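Chemist: Take a look at this one; I'll ask things after.
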Amino acid sequence: MNGLLKKIALYLVLTITAFVVFFPILYAFLISFMTGGELLQGNLFSKSFHLENYQKAFERLPLAHYLMNSFIISLSVMIGQLVVSSMAAYAFVFIPFKGRDAIFFLFISTMMIPWEATMIPNFITIQQLDWINTYQGLTIPFFAMAFGTFLLRQHFKTIPKELDEAAQVAGISRFKFFVKIVVPYCKNSLITLGAYSFLTTWNMYLWPLLVTNNDSVRTVQIGLKQLRTQELATDWGVVMAGVVVVIIPTLVLLFIGQKYLQKGLAQGALK
Amino acid sequence: MKDVELTHLSKSYDMQTEVLSDISVSIHAGEFFVLVGPSGCGKSTMLRMIAGLEDITEGTLTIGQKKVNDLHPSKRDISMVFQNYALYPHLSVEENIVFGLSVKKVPKTQRKKRCHRVAKMLGLTDYLNRKPRQLSGGQRQRVALARAIVNESPICLMDEPLSNLDAKLRAQMRSEIKQIQRQLNITMIYVTHDQVEAMTMGDRIMILNEGKIQQVGPPIDVYNAPANEFVAKFIGSPPMNLAKATIYPDNQTLSVVGRIHLQLPPEDIQRMGTKEVTIGIRPEHLQLATSESQQPGSSKFEVKVSHVEVLGNETLLNFEFAEGNWQAKWNGQWRVNVGDIVPLSLHYSAICLFDTTTGNMIKQPTQNEQHLIQGVSI
């Protein structure tokens with residue numbers, strides 16, 4: 001009896017907190033179906049169900065094009081980060097070389113430097129390479145991240161070193177060992193890192209703003225900003241419709257990857 | 001068929017202290033060679049050096065007349081079984097077994113054939129599609145073994161492969177490994193800390209302590225004539241009883257803390273040339289003193305029993321003697337109570353003597369109960 005009460009109380013608290021946390025998104029979802037007039041009245045629910053806001057959002061902006069850009073960029077960064085980080089982590093764990101730990105600590109100490117601080121040199125580099133308004137300018141600076149390498153290294157370290165030695169005795173090449181043993185063994189961490197890097201890239205705002213000045217490769221986050229400032233009085237219904245469209249991939253990814261995300265991040269933390 | 005030859009092999013991690021020093025031994029083709037010693041004696045390091053997983057600081061290692069000091073592990077024609085089996089968790093038993101074969105350019109049909117043959121030999125046929133985590137400890141051990149022998153390498157290295165198994169399974173696997181080795185006629189180099197494994201499996205054993213060779217030889221020779229005090233204590237269960245003793249050349253006797261007095265042949269006194277010795281006697285040579293056991297060369301002494309273990313087929317008596325705990329092993333079941341005073345006798349021919357300062361053996365026992373079955377016809 002006591003246990004049941006406790007459970008009910010717990011779920012009540014959880015439901016309330018979930019509602020509070022989720023409220024902005026929920027409200028944005030509701031607003032996206034309202035007309036401007038209804039919104040100004042401060043209603044929570046619209047009396048009728050309008051889809052014009054969505055239509056307007058797609059009309060006013062090349063939203064589909066932006067979504068495609070965001071998708072390409074996020075996917076490229078995800079793949080790039082997975083490849084670069086996992087290979088770097090492999091080297092830091094399985095290949096002994098002089099000063100390995102020192103280099104590793106130097107490498108992860110870059111996590112302490114905020115991204116914004118390196119923005120200007122990065123921008124100059126991209127400019128010199130003539131990569132403004134290109135996909136590579138938007139993606140390549142994010143391939144080598146200390147966080148990803150760190151996360152994967154911690155998991156790679158849990159692989160018994162006898163597995164590596166057994167592979168050496170059997171004559172299995174390093175690359176085959178990496179692909180056939182290490183990657184499947186650390187599947188969880190790789191999925192975690194993949195989801196994480198996809199989401200961060202998807203939500204990135206400042207860097208795409210800096211290195212794009214036309215619509216060709218511009219991402220959806222900047223599109224949202226454009227929706228807001230195009231007219232004198234912002235049509236919030238349309239903005240929210242845009243927001244809902246933009247967060248759908250994020251939510252889908254989160255629902256699929258949630259289990260792995262938790263597991264993978266905790267794994268990195270504990271071991 | 002390849003010999004493994006170690007010549008003045010040394011290993012040091014910091015260039016100051018040596019983990020292994022001056023190891024010279026020749027392991028013959030087709031031999032079951034056991035490296036045994038307490039933990040931290042360097043036996044695993046030595047095995048890993050032979051495998052090529054550890055650098056050789058000094059000395060040379062040859063496999064089949066070829067110097068292999070700097071050869072990659074895969075080029076040494078060896079297979080290896082690790083203590084924790086090192087199975088790939090996401091691969092099935094079959095994939096685990098054949099994983100190494102793909103590199104050796106063995107054709108696919110051949111791979112499958114070899115895998116099934118080995119699996120049959122080890123009773124794994126029904127488990128080929130399972131993952132390692134769905135197997136018991138003994139089955140995992142068999143998979144590791146299968147992976148090693150499927151390569152058909154002439155040399156197989158094993159690093160404490162049985163230490164994760166329970167006692168019953170261990171005894172079973174001991175004989176299985178030995179049989180497989182004989183069947184396939186491979187050179188086996190086997191590391192263990194368990195002297196029972198060493199005694200029962202090895203054609204020859206090498207006892208290591210603190211990075212130095214203590215003794216190399218067939219297990220029975222090592223048991224009967226331990227080269228020094230360390231080997232005497234390490235090999236045999238229960239271990240050999242040791243105590244300080246003094247030789248009195250004037251009346252040709254040996255005395256152990258004034259309680260045992262043994263008559264010594266004059267030539268032995270001459271040969272040994274020292275007065276301070278350590279006496280060693282196997283527990284099975286300490287027998288109950290009876291009127292018949294009073295013969296020349298034997299000594300009788302009384303002890304107070306501190307602990308008794310009746311094992312069914314034998315009885316172990318523990319008692320305090322000199323500064324240590326001694327044990328006597330009698331055949332059969334004996335009703336002895338703690339605190340009883342028991343008369344024991346020992347014979348000069350059964351004892352070992354060691355030089356107390358160097359620890360080396362100076363007299364080996366001449367009385368060993370060796371039995372031979374000759375010409376028995378049923």
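Chemist: Would you call A:V220 touching a Phe, Trp or Tyr at 6+ places or on another chain (Cβ under 7 Å), touching a residue at least 40 places away in the same chain (Cβ under 8 Å), within 14 Å of chain B (Cβ to nearest Cβ) and not small (G, A, S)?
Modeler: No, not satisfied.
Chemist: Looking only at residues that are touching a Ser or Thr at 6+ places or on another chain (Cβ under 9 Å) and free of Cβ contacts under 8 Å to residues at least 24 places away in the same chain in segment B:61-73, which one is nearest to the other protein chains (Cβ to nearest Cβ)?
Modeler: Looking at the filtered set, the residue picked out is B:V68.
Chemist: Could you please tell me which pairs satisfy a Cβ distance under 8 Å, a separation of 6+ or placement on different chains, a first residue in segment B:83-96 that is without any contact (Cβ under 8 Å) to a residue 40 or more places away in the chain and farther than 12 Å from B:L145 by Cβ, and a second residue that is crowded, with 20+ Cβ neighbours inside 10 Å and not charged (D, E, K, R)?
Modeler: Listed pairs, sorted by first residue: B:E94/B:C115; B:E94/B:A119; B:E95/B:Y88.
Chemist: Looking only at residues that are modelled with pLDDT of 90 or more and aromatic (F, W, Y) in segment B:328-364, which one is surrounded by the most Cβ atoms within 10 Å (Cβ to Cβ)?
Modeler: Out of the qualifying residues, it is B:F354.
Chemist: Go through (1) more than 16 Å from A:D164 (Cβ to Cβ); (2) in contact with a Pro (Cβ under 7 Å, 6 or more places away or on another chain) one by one and return the number of the condition B:T62 breaks.
Modeler: (2)
Chemist: With in the same structural domain as B:Y348 (by TED's automatic domain parsing) and more than 25 Å from B:T358 (Cα to Cα) as the only criterion, which of B:V308, B:V257 stands out?
Modeler: B:V308 is the lone residue from the list that is in the same structural domain as B:Y348 (by TED's automatic domain parsing) and more than 25 Å from B:T358 (Cα to Cα).
Chemist: Any residue that is polar (S, T, N, Q), on the phi < 0 side of the Ramachandran plot, within 14 Å of another protein chain (Cβ to nearest Cβ) and buried (at least 17 other Cβ atoms within 10 Å of the Cβ) - is there at least one of those in segment B:147-160?
Modeler: yes
Chemist: Given the criteria over 30 Å from B:E5 (Cβ atoms), within 13 Å of chain A (Cβ to nearest Cβ) and among the charged types (D, E, K, R), does B:R76 qualify?
Modeler: For B:R76, the condition - over 30 Å from B:E5 (Cβ atoms), within 13 Å of chain A (Cβ to nearest Cβ) and among the charged types (D, E, K, R) - is not met.
Chemist: Have a look at A:I132, A:I103 and point out the one that is more than 14 Å from chain B (Cβ to nearest Cβ), of a type in the set (V, I, T) and part of a loop (DSSP other than H, G, I, E, B).
Modeler: Checking each option against the conditions leaves just A:I132.
Chemist: Any idea which of (1) outside any loop (DSSP other than H, G, I, E, B); (2) touching a residue at least 60 places away in the same chain (Cβ under 8 Å); (3) more than 14 Å from every other protein chain (Cβ to nearest Cβ) is the one B:G30 doesn't satisfy?
Modeler: Going through the list (1) outside any loop (DSSP other than H, G, I, E, B); (2) touching a residue at least 60 places away in the same chain (Cβ under 8 Å); (3) more than 14 Å from every other protein chain (Cβ to nearest Cβ), B:G30 breaks only (1).
Chemist: So B:E58 fits all but one of (1) over 18 Å from B:K212 (Cβ atoms); (2) surrounded by fewer than 22 Cβ atoms within 10 Å (Cβ to Cβ); (3) away from chain A (no Cβ under 13 Å); what number is the exception?
Modeler: Among (1) over 18 Å from B:K212 (Cβ atoms); (2) surrounded by fewer than 22 Cβ atoms within 10 Å (Cβ to Cβ); (3) away from chain A (no Cβ under 13 Å), B:E58 violates only (1).
Chemist: Residues to consider are B:K75, B:K104, B:K43; find the one that is touching a Gly at 6+ places or on another chain (Cβ under 6 Å) and within 17 Å of B:C156 (Cβ to Cβ).
Modeler: Criteria check complete, one pass: B:K43.
Chemist: If you go through segment A:60-69 one residue at a time, do you hit one that is under 30 Å from the mean Cα position of the chain (by Cα) and more than 25 Å from A:Q136 (Cβ to Cβ)?
Modeler: So far as segment A:60-69 goes, yes, one or more of its residues are under 30 Å from the mean Cα position of the chain (by Cα) and more than 25 Å from A:Q136 (Cβ to Cβ).
Chemist: Next question, about the same structure. Among the residues of segment B:40-55, write down those that are in a loop (DSSP other than H, G, I, E, B), more than 14 Å from chain A (Cβ to nearest Cβ) and either buried (at least 20 other Cβ atoms within 10 Å of the Cβ) or at pLDDT 90 or above (or both).
Modeler: B:C41, B:G42
Chemist: Take A:I72 and decide whether it is out of contact with any Ser or Thr (no Cβ under 6 Å at 6 or more places or on another chain), at pLDDT 90 or above and over 30 Å from A:V182 (Cα atoms).
Modeler: Here the answer is no, as A:I72 does not meet what is asked.
Chemist: Would you confirm, using the coordinates I've provided, whether B:K104 is modelled with pLDDT of 90 or more, surrounded by fewer than 22 Cβ atoms within 10 Å (Cβ to Cβ) and within 14 Å of chain A (Cβ to nearest Cβ)?
Modeler: Answer is no for this residue.
Chemist: Quickly run through segment B:168-203 and pick out the residues that are assigned to a loop (DSSP other than H, G, I, E, B) and touching a strand residue (DSSP E or B) at 6+ places or on another chain (Cβ under 6 Å).
Modeler: B:I186, B:G202, B:D203
Chemist: Tell me which of these B:N209 doesn't satisfy, since it passes every other one: (1) crowded, with 18+ Cβ neighbours inside 10 Å; (2) closer than 17 Å to B:R117 by Cα; (3) out of contact with any strand residue (DSSP E or B) (no Cβ under 7 Å at 6 or more places or on another chain).
Modeler: With (1) crowded, with 18+ Cβ neighbours inside 10 Å; (2) closer than 17 Å to B:R117 by Cα; (3) out of contact with any strand residue (DSSP E or B) (no Cβ under 7 Å at 6 or more places or on another chain) applied to B:N209, the lone miss is (2).
Chemist: Could I ask something else about it? Criterion first (within 15 Å of A:V217 (Cβ to Cβ) and crowded, with 16+ Cβ neighbours inside 10 Å) does A:S85 satisfy it?
Modeler: no
Chemist: Follow-up question, since we're still on this one. Among the residues of segment B:221-243, which ones are touching a residue at least 12 places away in the same chain (Cβ under 8 Å) and either hydroxyl-bearing (S, T, Y) or surrounded by fewer than 15 Cβ atoms within 10 Å (Cβ to Cβ) (or both)?
Modeler: Of everything in segment B:221-243, those that are touching a residue at least 12 places away in the same chain (Cβ under 8 Å) and either hydroxyl-bearing (S, T, Y) or surrounded by fewer than 15 Cβ atoms within 10 Å (Cβ to Cβ) (or both) turn out to be B:Y223, B:S237.
Chemist: Let me ask you something else. Suppose we keep only residues that are within 32 Å of the chain's Cα centre (by Cα) and in a helix (DSSP H, G or I) within segment B:79-97. Which one would you say is farthest from the other protein chains (Cβ to nearest Cβ)?
Modeler: Within segment B:79-97, the match that is farthest from the other protein chains (Cβ to nearest Cβ) is B:V93.
Chemist: Yes or no: A:G36 surrounded by fewer than 18 Cβ atoms within 10 Å (Cβ to Cβ), of a type in the set (G, A, S) and either farther than 21 Å from A:T200 by Cβ or modelled with pLDDT of 85 or more (or both)?
Modeler: Here the answer is yes, as A:G36 does meet what is asked.
Chemist: Another one. Within segment B:316-327, count every residue that is part of a strand (DSSP E or B) and either touching a Ser or Thr at 6+ places or on another chain (Cβ under 7 Å) or surrounded by 16 or more Cβ atoms within 10 Å (Cβ to Cβ) (or both).
Modeler: Qualifying residue count, segment B:316-327: 8.
The values are calculated or read from the model by the stated rules, or taken from the named source; none is laboratory data. Quick caveat, the model's predicted, so the values are computed rather than measured. Glycine also receives a Cβ, built like all others from the backbone with ideal geometry; neighbour counts cover every protein chain displayed.
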